[in-house]
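Structure first, then comments.
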Amino acid sequence: MKYTKIPHSDIKVSKICLGTMTWGRQNTEQEAFDQMDYALERGVQFFDTAELYPVPAAAERYAHTEIIIGNWLAQRKNRDQVVLASKIAGKAAFTAFIRETGFSKEALHTALEGSLKRLQTDYLDLYQLHWPERNTNFFGQRGYTHKEDEAWEDNFHEILETLKGFVQAGKIRQIGISNENPWGAMRYLEEHRKDPSLPRMVTCQNPYSLLNRLYESGMAEVSMREDMGLLAYSPLGFGVLSGKYLGGKKPANARVTLFPNYNRYSVGQNIPATEAYAAIANKHGLSLTEMALSFVTSRPFVTSNIIGATSLDQLKENIDSVYTELSAEVLEEIEGVHNTYPNPGP
């Protein structure tokens, strides 16, 4: 395995991060245990979860993924071998069943204590805000829509003050943002600059793949100039970049097959773009999965590539991608497709 460090810390993490959002819905607890066992055996020691998981979110499955991970940690007694990250849910219609969501002091306290209890640990290595409270970057929505009657008020300093208390109490080691844009990222950094006693946002977990390279438009510069590492999620675009949906296929138990509304990477220009990327991979003796994941992992602003799998065979291929080095010719051809079909995914 290849390793790096979470920026501004001494926390070593694998370049491949084990994503967990299917556990408790598409995967049973035993299947999740098998994935964690295998990943750790292969050197993947960075696990990412969230109180919202599994997704699609539902009241009857709330936080089942964290419960599964907690049970595994308790049985294996190996908390010290794992770098564990989780997230607090933001405000949204589909999170109303959780509690009064958002990032008030009370909400942050309730969410963190709940996650620690379910995960059966007394600390998290990384705690992240799952998406902004502001009217921007909702799931499936690109960018910002201004509304004069927006209820949000600037609370960046208050959020960092609350998180500072958790750091001082030893309950979290580092903090990060997710589904953020450059303005939000820089506002958090500005508060830290004004008051260095406040914790610094060290990572941003945003979507990034061959079908969605929007991170390069603004956030990549923040990552490089401010040393805020990208934790790239959906690197296969809901599995579309595995090629399993090509030709109109609908494989049984696949994510888009089970949840047709998760089709944002399999409609419109995503289809010819995926076909073009598949042709490049085939030409150079690569699997589409291998090429797509290797591309993401190799970007200089990526701290870790969050892969997800519903089977051990998928997990093995995903992990193995870390050893693939794409040639200059492959990278040039990828850019050619990107110029023809720029960011068809949301």
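Assorted remarks:
- When the chain is treated as a Gaussian network with alpha carbon springs shorter than 10 Å, the biggest mean-square fluctuation among Ala252, Ala59, Ala32 belongs to Ala252.
- Heavy atoms of His64 accessible to a 1.4 Å probe, total area in Å² rounded to 10: 70 Å²
- FRET efficiency estimate (nearest 0.05) - Cβ-Cβ, Thr324 to Phe94, R0 35 angstrom: 0.45
- Sites Lys194 and Ser311 - FRET efficiency at Förster radius 56 Å, r taken between beta-carbons, to 0.05: 0.70
- Over region 156-249, the fraction of Cα-Cα pairs per 10 Å bin, rounded to whole percents and listed from the shortest bin up, is 16, 39, 26, 13, 5, 1.
- Given their separation in residues at 0.36 nm each and the Cα-Cα distance between them, Ser217 and Lys283 gain 20.8 nm when the chain is fully extended.
- Rolling a 1.4 angstrom probe over the protein heavy atoms with all chains in place gives region 8-94 an accessible area of 36 Å² per residue.
- Between 0 and 90 degrees, the angle of helix 328-340 with respect to the longest Cα principal axis of the chain falls at about 80 degrees.
- Taking one quarter of the surface of the C-alpha convex hull of the chain gives a mean projected area of 16.6 nm².
- Expressed as a whole percent, the accessible area of the chain that falls on carbon and sulfur atoms is 50 (1.4 Å probe).
- GluC sites (Glu not before Pro) restricted to DSSP loop in region 225-326 with at most 16 other C-beta within 10 Å: Glu325
- Sequence-ordered 3J(HN,Hα) estimates for region 258-264 from the Karplus curve with 6.51, -1.76 and 1.60 and θ = phi - 60° stand at 6, 10, x, 6, 8, 9, 5 Hz, glycine and proline given as x.
- Cβ-Cβ FRET estimate between Lys5 and Lys147, R0 fixed at 45 Å, reported to 0.05: 0.70
- Accessible area per residue for region 155-265 is 39 Å², calculated with a 1.4 Å probe on protein heavy atoms, without ligands, DNA or RNA.
- Loop-exposed trypsin sites (Lys or Arg not before Pro) per DSSP, neighbour cap 11 Cβ within 10 angstrom, longest uninterrupted part of the chain: 148-248
- All Cα pairs of region 1-156, percent lying beyond 24 Å: 38 percent
- Karplus-based coupling profile of region 316-322, in residue order and whole Hz: 4, 4, 4, 5, 4, 4, 5, with θ = phi - 60° in 6.51 cos²θ - 1.76 cosθ + 1.60 and x standing for Gly or Pro.
- To the nearest ten degrees, helix 29-41 and the longest principal axis of the Cα atoms of the chain are 80 degrees apart.
- Remark: accessible surface ordering of Met21, Met228 (largest first) is Met21, Met228, probe radius 1.4 Å.
- In degrees, nearest ten, helix 288-298 long axis to first principal axis of the chain (Cα): 50 degrees
- Of the GluC sites (Glu not before Pro) in region 62-153, those whose Cβ has at most 15 other Cβ within 10 Å and which sit in DSSP loop: Glu100, Glu148, Glu150, Glu153
- Shape of region 75-221, Cα gyration tensor, a/c cut at 1.5: rounded
- Take the convex hull of the alpha carbons in region 124-200; its mean projected area over all directions comes to 5.5 nm².
- Inter-probe distance in nm under a simple model that places probes 7 Å from Cα toward Cβ, at Leu331 and Gln81: 3.5 nm
- The alpha carbons of region 250-334 stretch over 37, 28, 26 Å along the principal axes, in descending order.
The values are calculated or read from the model by the stated rules, or taken from the named source; none is laboratory data. These figures come from a predicted structure and were not determined experimentally. We place every Cβ from the backbone using ideal geometry, glycine too, and count neighbours over all the protein chains shown. What goes into the accessible areas is simple: the full protein's heavy atoms, side chains included, and nothing from ligands, DNA or RNA. Shrake-Rupley method; radii C 1.70, N 1.55, O 1.52, S 1.80 Å.
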